[in-house]
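Colleague: Mind looking over this structure? Questions follow.
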Amino acid sequence: MVDKNEIEIVRGDLGVFACFGESTRLLSKGPAIWGFALVCFTYIAAASTVPFASLAAGVFMGGIHLGFTRLMDGRKVEAATGFEGFSHFGQLLLANLIQAGIAFVVVMPFYCLFTTLFVVAVDSLQGPQGAAISVTFLMGILVAGILALLVQVFTVFNYVLVVDRGLSAWGATVVSFRGVKKNLVSVILLELACGLVLVVATLLCCLPLFVAMPWVIGAQTAAYATIFPREGLAEVFD
């Protein structure tokens, strides 16, 4: 496997519109990505009803990232290209587990604490003390949500680092953290935009979500290409 210390990291000139514009351009060059995205979307929808099955969703996400990096390299992409992500099955699955594990460790203490406060407040919700505890509980939920978002932000490049650079799951997590730390504000803005796109698509039902998911992953891959430049990817926004 590639040494995580060999990956170049730069402070990239990221822009939300530039990333989504690059994603649109790449999708127009490789429409076959939609085919694999449909398979990915179908699996995620089905896995939501099976305990722990959703943990393998990262393997499919890695396949979509792989398709985008191939397009950036000027290579042909077919729907079957996405399945090449399965050659990294173990590391992609582990990367998903690491992401979920970090989120659990970071968020769960706050969730338990403020849920306990809410239960304590139930008997006195009519009084000022109960109201204060209820407000504290709501603030705790907000803090937990922000922490969960930060975990997502700092691990956003896990999958693409595994499939494109051949890093181990833990190595990809470390490198993703370093890259995001160097471009924190830009990546947060991009992830907020990605979240907004997915929320709007969800509210408009499944078909727009199927369309939005590859667009979002393409934008994330474009950001990756800027933060972690290599030959073939360094000039992605030129």
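Colleague: Kindly list the number of the only condition in (1) touching a Ser or Thr at 6+ places or on another chain (Cβ under 6 Å); (2) free of Cβ contacts under 8 Å to residues at least 24 places away in the same chain that fails for N158.
Modeller: Among (1) touching a Ser or Thr at 6+ places or on another chain (Cβ under 6 Å); (2) free of Cβ contacts under 8 Å to residues at least 24 places away in the same chain, the lone unmet condition for N158 is (2).
Every residue, every condition in (1) over 26 Å from L150 (Cβ atoms); (2) part of a helix (DSSP H, G or I); (3) out of contact with any His (no Cβ under 6 Å at 6 or more places or on another chain); (4) of a type in the set (S, T, Y), yes or no:
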| residue | (1), (2), (3), (4) |
| --- | --- |
| I64 | no, yes, yes, no |
| G67 | yes, yes, yes, no |
| L71 | yes, yes, yes, no |
| R75 | yes, no, yes, no |
| E84 | yes, yes, yes, no |
| F89 | yes, yes, yes, no |
| L92 | no, yes, yes, no |
| L97 | no, yes, yes, no |
| A100 | no, yes, yes, no |
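Colleague: List, please: which pairs have Cβ atoms under 6 Å, are six or more places apart or on different chains, and start with a residue in region 60-75 that is over 11 Å from H88 (Cβ atoms) and end with one that is in a loop (DSSP other than H, G, I, E, B) and not small (G, A, S)?
Modeller: From region 60-75, the pairs are G67/V77; R70/V77; L71/V77; M72/L233; M72/V236.
Colleague: For region 102-116, how many residues meet the condition of being over 14 Å from G145 (Cβ atoms) and either within 13 Å of the chain's Cα centre (by Cα) or of a type in the set (A, V, I, L, M, F, W, C) (or both)?
Modeller: Count: 5.
Colleague: If you don't mind, there's one more thing I want to ask. Which residue pairs have Cβ atoms closer than 7 Å, lie 6 or more positions apart in sequence or on different chains, and pair a first residue in region 217-235 that is closer than 14 Å to R11 by Cβ and surrounded by fewer than 17 Cβ atoms within 10 Å (Cβ to Cβ) with a second residue that is at pLDDT below 90 and charged (D, E, K, R)?
Modeller: Qualifying pairs under 7 Å: none.
Colleague: Is it the case that some residue within region 84-92 is more than 25 Å from N183 (Cβ to Cβ), modelled with pLDDT under 90, loosely packed, with under 15 Cβ neighbours inside 10 Å and touching a Ser or Thr at 6+ places or on another chain (Cβ under 7 Å)?
Modeller: no
Colleague: Restricting to region 157-213, and then to whatever is in a helix (DSSP H, G or I) and among the polar types (S, T, N, Q), can you tell me which residue is surrounded by the fewest Cβ atoms within 10 Å (Cβ to Cβ)?
Modeller: Top of the filtered list is T202.
Colleague: Test of understanding: among R230, R178, which residue is among the charged types (D, E, K, R) and either over 20 Å from K29 (Cβ atoms) or modelled with pLDDT of 90 or more (or both)?
Modeller: When all the criteria are applied, what remains is R178.
Colleague: When you look at G171, is it at pLDDT below 90 and more than 12 Å from the chain's Cα centre (by Cα), yes or no?
Modeller: So G171 fails the test.
Colleague: I'd like the residue in region 12-33 that is at pLDDT below 85 and surrounded by fewer than 16 Cβ atoms within 10 Å (Cβ to Cβ) and, out of all such residues, is farthest from A169 (Cα to Cα).
Modeller: P31
The values are calculated or read from the model by the stated rules, or taken from the named source; none is laboratory data. These numbers were taken from a predicted model, which means no experiment stands behind them. So basically every Cβ, Gly included, is an ideal-geometry build from the backbone, and we count neighbours across all protein chains shown.
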